[in-house]
1. Give me a count of the residues in region 262-283 that are surrounded by 18 or more Cβ atoms within 10 Å (Cβ to Cβ) and at pLDDT below 90.
2. Quick one: in region 192-246, which of the residues that are among the β-branched types (Val, Ile, Thr) and surrounded by 13 or more Cβ atoms within 10 Å (Cβ to Cβ) is modelled with the lowest pLDDT?
3. Just to check your reading of the model, which residue among Val117, Val127, Val164 is over 27 Å from Thr280 (Cβ atoms), at pLDDT below 85 and either not charged (D, E, K, R) or not in a helix (DSSP H, G or I) (or both)?
4. Would region 154-169 turn up any residue that is open to solvent by 20 Å² or more (accessible area, probe 1.4 Å) and either touching a strand residue (DSSP E or B) at 6+ places or on another chain (Cβ under 8 Å) or charged (D, E, K, R) (or both)?
5. Look at region 85-100 and say how many of its residues are assigned to a helix (DSSP H, G or I), touching a Phe, Trp or Tyr at 6+ places or on another chain (Cβ under 9 Å) and modelled with pLDDT under 85.
6. Could you check region 247-256 and list, in sequence order, the residues that are open to solvent by less than 30 Å² (accessible area, probe 1.4 Å) and among the acidic types (Asp, Glu)?
Amino acid sequence: MEYIAILMFVVVFALILVGYPVALTLAGLSILTGLIFVPDFLDLLPLRIMGILENQVLIAVPLFIFMGLMFEKSGLAERLLVTMSMLLGRLHGGLAISVIIVGTLLAASSGIVGATVVTMGLISLPVMLKKGYSPELATGTICSSGTLGQIIPPSVVLILLGSVMNVSVGSLFKAAVVPGFLLVIAYCIYIFIYAYLYPEHAPRLTRAEINEFKEDQFLKKTLEAFIFPMLLILAVLGSIFAGIASPTEAAALGAVGAMLLTIYQKKFTKDVLKYVCKETSHLTSMVFLILLGATTLSLVFRGLG
């Protein structure tokens, strides 16, 4: 039975690498293996599914996704990138480092990877390529900064892990802060050294290019670009770490905060709300489908010994 379990794991990875959807691969292969080798264990599957559906901690998932998508629509991410580009443009690889820092702030104010990568790709990739960055460095920077949402709290992945492993989500969030920011520092150091060694792949911005960005009320707009995301992060993570709110309550607070930011930026419309709600439904469905597939896999895996 142990060899069958190992074989099942190998086939799962192979199918995912070929391109089959993760959720359907996990669930489909597990059910097939279970029906052949441990059919009795599949009787427990409905109980596991109901356990997931009744888990109140998982209410935080759609709320954090809503918060991230609404924050993306506020336009603050674009302003953040422009501001960071002006502040770090004269450094070796300054534009790429600014993408990492903005990706970090987006990760800490959304918790989802897809929205961050798409946002950073649309905003920063054309700018980086226009300024002479190599496509490999530009796309690698965006992908790596986008995936910081998996480890930097509030992370949807950590919420799911906490639920599956019966560990406090608040404790996981606290534990992930230091490794998350160490990863950010490592990215920045790598880019700085790479840009110093290969300046043609990451050219510095000229003073003229930086002056192009500058406009009236630069200081005010710079402060706004930093303060609003920081307030949102502080409201969500601060309330969790201080023990004032549970992750679910903090997620609701973040969702309302992101809406208020979008209203303040005069970007809130009926179409924006409709888009955010629709995308939240899609992403939440995807996350839960993966979670159901994973619980099926773990049940059959346990059944195989």
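The values are calculated or read from the model by the stated rules, or taken from the named source; none is laboratory data. In this text the structure is predicted, and so the values were computed from the model without any measurement. A quick note on method: Cβ atoms are made from the backbone with ideal geometry, for glycine too, and the neighbour counts reach across all protein chains shown. The accessibility values were calculated without ligands, DNA or RNA, using every heavy atom of the protein model including side chains. Shrake-Rupley method; radii C 1.70, N 1.55, O 1.52, S 1.80 Å.
1. 1
2. The residue in question is Ile210.
3. That would be Val127, the only listed residue that is over 27 Å from Thr280 (Cβ atoms), at pLDDT below 85 and either not charged (D, E, K, R) or not in a helix (DSSP H, G or I) (or both).
4. Scanning region 154-169, I find no residue that is open to solvent by 20 Å² or more (accessible area, probe 1.4 Å) and either touching a strand residue (DSSP E or B) at 6+ places or on another chain (Cβ under 8 Å) or charged (D, E, K, R) (or both), so the answer is no.
5. Number of matching residues: 2.
6. None - no residue of region 247-256 is open to solvent by less than 30 Å² (accessible area, probe 1.4 Å) and among the acidic types (Asp, Glu), so the list stays empty.
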